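The values are calculated or read from the model by the stated rules, or taken from the named source; none is laboratory data. No experiment lies behind these values; they were computed from the predicted model shown. A quick note on method: Cβ atoms are made from the backbone with ideal geometry, for glycine too, and the neighbour counts reach across all protein chains shown.
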Amino acid sequence: MSATAWTDNSPAPLSNWPIRSWAGSPDPQALAVVGYRLSQLTERCPAWVERHKATLFDLRQPHSPARTWLTYGQPGGAFALVDRAELAELLVAPPTVDTPAAGTGDERSRDRDALAAVRRAQQRVDATLDRVAWALLDAGAPLGPVRDFFRQVAGRPRGAEAVSQLLSCVAWRTAKGPSDASERAVAVWEAALDAGLPSAALAGAGEFAYSTGLDDETWLTLTRRTAEQELGLNPAHAVAQRAAGHPDSPDALIIAARLLGAPLEPFHKMEVRRQADALLRAAKDSPQWRALQSALVDAGEVQAAFVQPANT
């Protein structure tokens with residue numbers, strides 16, 4: 001099977017090309033080629049794709065063309081034919097690590113090969129998450145209602161972590177400034193907040209702190225809503241830093257106070273306390289200011305008890 005078989009304007013070369021059933025002996029290389037071009041096939045040869053849909057889109061099989069497409073394939077609209085339950089299972093599955101051949105090389109080279117296999121496995125996971133994130137940002141909603149899809153993923157073991165990673169990927173799509181994706185990213189974030197997910201599923205929304213594509217008012221409102229559900233926003237220091245730039249915002253004070261109660265690693269804990277202290281000293285008196293002061297004292301920053309609001 002040639003990779004150029006469908007690159008011309010005519011899909012005719014594929015019209016009679018069969019794919020062996022999984023009960024037989026599938027050719028992994030041929031299926032990988034098909035997977036790479038799966039979006040084009042879906043657009044140009046819909047009848048052929050429909051005829052072989054069960055084989056092309058079976059995400060339970062390791063050599064499924066759809067799995068290849070999710071990792072390496074060209075962008076396009078193949079998501080409409082992906083089974084969402086199977087996709088949810090794939091997202092929560094542990095990375096599949098290739099097993100090095102037994103007895104090859106010395107111990108050091110075997111360790112090196114094993115580490116490389118782990119890295120490749122993680123790269124495949126990251127590529128799949130990135131592809132799904134793009135689908136979530138697609139205005140055509142190829143995965144259906146985002147709230148329902150998040151619930152479907154989060155309801156599985158390791159599902160909360162998968163949703164958190166998806167939110168992180170969505171956030172990075174808006175990191176370089178306003179774009180067509182920014183408005184959709186807000187809708188995705190709001191869907192996660194309204195879905196009643198396990199709180200840990202929202203941790204990845206902390207990455208929106210880097211998003212210059214979201215205006216500060218929107219970011220503050222949604223981050224405050226997120227922090228009210230999940231303390232451990234990641235990366236906490238970036239969230240605290242952006243919040244500290246808005247001493248006039250009650251939401252910023254609430255965000256900082258919530259972060260102070262999160263179980264953080266030493267670096268993040270130190271940075272959150274430093275940013276929260278700066279925010280406290282720059283903000284005016286309010287119920288939120290007094291709550292932040294109390295949170296700082298409770299976190300061990302005793303000197304915060306002697307800080308006065310900026311308007312006194």
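Condition (residue is among the polar types (S, T, N, Q) and crowded, with 23+ Cβ neighbours inside 10 Å) applied to the stretch 167-178: is it met by at least one residue? I'd like the intermediate steps shown before the answer.
From the stretch 167-178, those among the polar types (S, T, N, Q) are 168, 174; that's our starting set.
Checking which are crowded, with 23+ Cβ neighbours inside 10 Å leaves us with 174.
Yes, there is a match, as at least one residue in the stretch 167-178 is among the polar types (S, T, N, Q) and crowded, with 23+ Cβ neighbours inside 10 Å.
So which residues in the stretch 70-81 are under 25 Å from Arg147 (Cβ atoms), in contact (Cβ under 8 Å) with a residue 40 or more places away in the chain and either surrounded by 16 or more Cβ atoms within 10 Å (Cβ to Cβ) or among the aliphatic types (A, V, I, L, M) (or both)?
Going residue by residue through the stretch 70-81, those that are under 25 Å from Arg147 (Cβ atoms) are 70, 75-81.
Checking the rest, the ones that are also in contact (Cβ under 8 Å) with a residue 40 or more places away in the chain come to 70, 75, 77-80.
Of everything in the stretch 70-81, those that are under 25 Å from Arg147 (Cβ atoms), in contact (Cβ under 8 Å) with a residue 40 or more places away in the chain and either surrounded by 16 or more Cβ atoms within 10 Å (Cβ to Cβ) or among the aliphatic types (A, V, I, L, M) (or both) turn out to be Leu70, Ala78, Phe79, Ala80.
Does Glu50 satisfy the condition of being without any contact (Cβ under 8 Å) to a residue 24 or more places away in the chain, surrounded by fewer than 20 Cβ atoms within 10 Å (Cβ to Cβ), in a helix (DSSP H, G or I) and among the charged types (D, E, K, R)?
Working: without any contact (Cβ under 8 Å) to a residue 24 or more places away in the chain: yes; surrounded by fewer than 20 Cβ atoms within 10 Å (Cβ to Cβ): yes; in a helix (DSSP H, G or I): yes; among the charged types (D, E, K, R): yes.
Yes, satisfied.
With respect to Ala205, is the statement that it is more than 23 Å from Val146 (Cα to Cα), small (Gly, Ala, Ser) and crowded, with 23+ Cβ neighbours inside 10 Å true?
On the way: more than 23 Å from Val146 (Cα to Cα): no; small (Gly, Ala, Ser): yes; crowded, with 23+ Cβ neighbours inside 10 Å: yes.
In short, no.
Condition first: out of contact with any Leu (no Cβ under 8 Å at 6 or more places or on another chain), over 23 Å from Thr218 (Cα atoms) and not hydrophobic (A, V, I, L, M, F, W, C). Now tell me which residues in the stretch 251-284 satisfy that.
Glu265, Pro266, His268, Lys269, Glu271, Arg274, Arg281
Take Leu214 and tell me if it is of a type in the set (A, V, I, L, M) and closer than 24 Å to Ala135 by Cβ.
Numbers: of a type in the set (A, V, I, L, M): yes; closer than 24 Å to Ala135 by Cβ: yes.
Taking the combined requirement at face value, the residue satisfies it.
Could you please give the count of residues in the stretch 131-164 that are assigned to a helix (DSSP H, G or I) and more than 13 Å from Leu197 (Cβ to Cβ)?
Matching residues across the stretch 131-164 total 6.
Provide a single number: the residues in the stretch 143-166 that are surrounded by fewer than 19 Cβ atoms within 10 Å (Cβ to Cβ), farther than 22 Å from Ala238 by Cβ and not basic (Lys, Arg). Lay out the reasoning, then the answer.
Looking only at the stretch 143-166, we keep the residues that are surrounded by fewer than 19 Cβ atoms within 10 Å (Cβ to Cβ), and these are 144-145, 147-148, 155-158, 161.
Right, trim to farther than 22 Å from Ala238 by Cβ and you get 144-145, 147-148, 155-158.
Those still in the list that are not basic (Lys, Arg) too: 144-145, 148, 155, 157.
The qualifying residues number 5.
Out of the stretch 165-181, which residues are outside any loop (DSSP other than H, G, I, E, B) and under 26 Å from Leu231 (Cα atoms)? Working first, answer last.
If we filter the stretch 165-181 for residues that are outside any loop (DSSP other than H, G, I, E, B), which is where we start, we get 165-172, 180-181.
Listed by number, the residues that qualify are Gln165, Leu166, Leu167, Ser168, Cys169, Val170, Ala171, Trp172.
Of everything in the stretch 53-82, what is assigned to a helix (DSSP H, G or I), under 9 Å from Gly35 (Cα atoms) and of a type outside the set (S, T, N, Q)? Give them in sequence order.
Within the stretch 53-82, Leu56, Pro65, Ala66, Arg67, Trp69, Leu70, Tyr72 qualify.
From Ala283, Ala310, Ala276, Ala295, grab the single residue that is over 19 Å from Ala205 (Cα atoms) and touching a residue at least 60 places away in the same chain (Cβ under 8 Å).
Working: Ala283 fails: touching a residue at least 60 places away in the same chain (Cβ under 8 Å); Ala276 fails: touching a residue at least 60 places away in the same chain (Cβ under 8 Å); Ala295 fails: touching a residue at least 60 places away in the same chain (Cβ under 8 Å).
Unique residue meeting the criteria: Ala310.
What's the number of the condition Thr212 fails, among (1) of a type in the set (Ser, Thr, Tyr); (2) closer than 26 Å to Lys176 by Cα; (3) in a helix (DSSP H, G or I)?
All conditions are met except number (3).
Quick check on this structure: which one of Ser15, Ser25, Ser109 is modelled with pLDDT under 55 and surrounded by fewer than 14 Cβ atoms within 10 Å (Cβ to Cβ)?
Details: Ser25 fails: modelled with pLDDT under 55; Ser109 fails: modelled with pLDDT under 55.
Criteria check complete, one pass: Ser15.
Condition test on Leu214, is it of a type in the set (A, V, I, L, M, F, W, C) and modelled with pLDDT of 95 or more? Don't jump to the end; show me each part of the working.
Working: of a type in the set (A, V, I, L, M, F, W, C): yes; modelled with pLDDT of 95 or more: no.
Against the criterion (of a type in the set (A, V, I, L, M, F, W, C) and modelled with pLDDT of 95 or more), Leu214 does not qualify.
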